[in-house]
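A quick write-up on the structure given underneath.
The values are calculated or read from the model by the stated rules, or taken from the named source; none is laboratory data. In this text the structure is predicted, and so the values were computed from the model without any measurement. So basically every Cβ, Gly included, is an ideal-geometry build from the backbone, and we count neighbours across all protein chains shown. SASA here: full protein model, heavy atoms, side chains in, ligands and nucleic acids out. Shrake-Rupley method; radii C 1.70, N 1.55, O 1.52, S 1.80 Å.
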Amino acid sequence: MTRGQISAREICQATFDYIEQTDSKFHAFLSLNRERAEQQAERIDKTSLAERPPLAGIPVALKDNMVLAGRPTTCGSKILENYVAHYDATVTERLEAAGALLIGKTNLDEFAMGSSTENSAFFPTLNPHDTQRVPGGSSGGSAVAVASGMVVGALGSDTGGSIRQPAAMTGTVGLKPTYGRVSRFGLVAFASSLDQIGPFGRSVRDVAEILGAIAGHDPHDSTSAALPVPSYTKLLEDSVKGKKIGVPWDLFGEGLEPAVKTNVTRGIELLKSLGCLIEDVKLPHSQYAIDVYYIIAPAEASANLARFDGVRYGFRKAQAASLTEMYTQTRETGFGPEVKRRIMLGTYALSSGYYDAYYAKAQKVRSLIIEDFKKAFERLDVIICPTSPTVAFKLGEKTDNPLAMYLSDVFTITANLAGIPGISLPCGQDARHLPVGLQMLAKPFDEATLLQLSYAFEKAGGFHLG
Ligand code: GLN
């Protein structure tokens, strides 16, 4: 593309043709964005080769909880089914400035609450490795759009694992940046102290390229960090010899599928053979991560979702007898069961009389989890563990058991609670050829080390989709 052998218009056309042939099998997309993508392609084709930005003509998809002016943003919910956004999220502006074609919006668990994309109010997304199975979630549509080759890259959001876990289950690379590395302006909030936007790609280089385009301070998001953004793609080739890797072996216990354990352990051996130093690390408070997360995330969600009441956004249940009835009926009809469960959990945890026992206590334990990582990263460069305890599970397998679904995130949630970056990399397959993901975590704002080690790992192992 940057050599001018193919035009952005041709790429754009081929992408939509391919989606048309392919997406009926997987249901990754909720809406397509043809007009805007074509206009962008035209703009790119008019710029000289030398002036083309790094993602010129590259097809990218967006999880449908990021806004794009004039386009629907459903969050996978009936309550926003007919909502059309009036402005662009910062990440979408930055992707377009980098030359990307924003192809469409992808399916997700309603308001990003879930681990399988089955909580979408519209339809589940299917895993291209086995269409009887889920792609993980909540950014399942983005993961599948990339894994099936419909787009080169995609953005997801990760509050407790929603980029990394679907990346693991679809054999893609998925990165959750440090809290504050990427602007959340224009991301519909789920749990504001945990949410981060990040990229999916088929390779580490693609992910590094997309992260470089979207990262950096944004005056519209006061939690975005005013720190320089390194040239991630230039640092990829740096040597990883002597890097110190900690493995929390204590956590490789109950609930971990043997094939996941074997593949991740082999991955660790591979890094050792590249000259990395492997040692044991203790993260004693990680065992409480799920409990803490399922207080804090629903508490924040209950506040964030209060705005969907039929007055300003999206769906309103008509013919209510009073204002209160309109609110209740709108929310009763508009929200699905998981979202209602979270709102109730969160409202309860924040209510007077229970606040100290639940919310305040969860915040204290969150501080202990942060301390564990701080201590560990005084001597370590990265920490490695599985991304998900299991490979992709069957559709319907966990829908009746929310607790079993919540356990899908047992390895990913700590990074959100601690605000640190994490990446999931394909590291092999189980006997049914289902992909297994290895997760690396690093200190705040050290995505460069994560990407370097990931790149070395990918080159040596060749597990990625290529
Ligand atoms: N699966 C977790 C949840 O249901 C995480 C979701 C996410 O990261 N958005 O809350």
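For this structure, a couple of remarks:
- Peptides 107-115, 317-325 ordered by packing proxy, namely the average of other Cβ atoms within 10 Å per residue, highest first: 107-115, 317-325.
- At least 30 Å along the helix axis (C-alpha) and Kyte average at least 1.6, DSSP helices within the chain: none
- Here the Karplus relation 6.51 cos²θ - 1.76 cosθ + 1.60, evaluated at θ = phi - 60°, turns the backbone of segment 222-233 into coupling constants of 5, 8, 7, 7, 8, 10, x, 9, x, 7, 4, 5 Hz, with x for every Gly and Pro.
- Ligands, DNA and RNA are left out, and with a 1.4 angstrom probe the accessible area of the chain is 39 Å² per residue.
- Relative contact order computed over segment 199-329 (Cα-Cα under 8 Å; 6+ residues apart), in percent: 16 percent
- With 29 Å as the limit, the listed pairs K261/K443; K340/K443; K176/K364; K105/K361 have K340/K443; K105/K361 beyond it between alpha carbons.
- Against the rule of thumb 2.2 N^0.38 Å, how large the Cα Rg of the chain comes out: 0.93
- The chain - percent of accessible surface contributed by carbon and sulfur, probe 1.4 Å: 53 percent
- Its Cα gyration tensor gives segment 379-466 an equivalent ellipsoid; the semi-axes, largest first and in whole Å, are 25, 19, 8.
- Per-residue [θ]222 nm for the chain (sum of -39500 (n - 2.57) over DSSP H runs n ≥ 4, rounded to 500): -11500 deg cm²/dmol
- Rounded to the nearest 10 Å², the accessible area of V229 at probe 1.4 Å: 50 Å²
- For segment 279-338, alpha-carbon Rg over 2.2 N^0.38 Å: 1.77
- Average Cα contact separation per residue, the chain, under 8 Å, 6 or more apart, as relative contact order %: 18 percent
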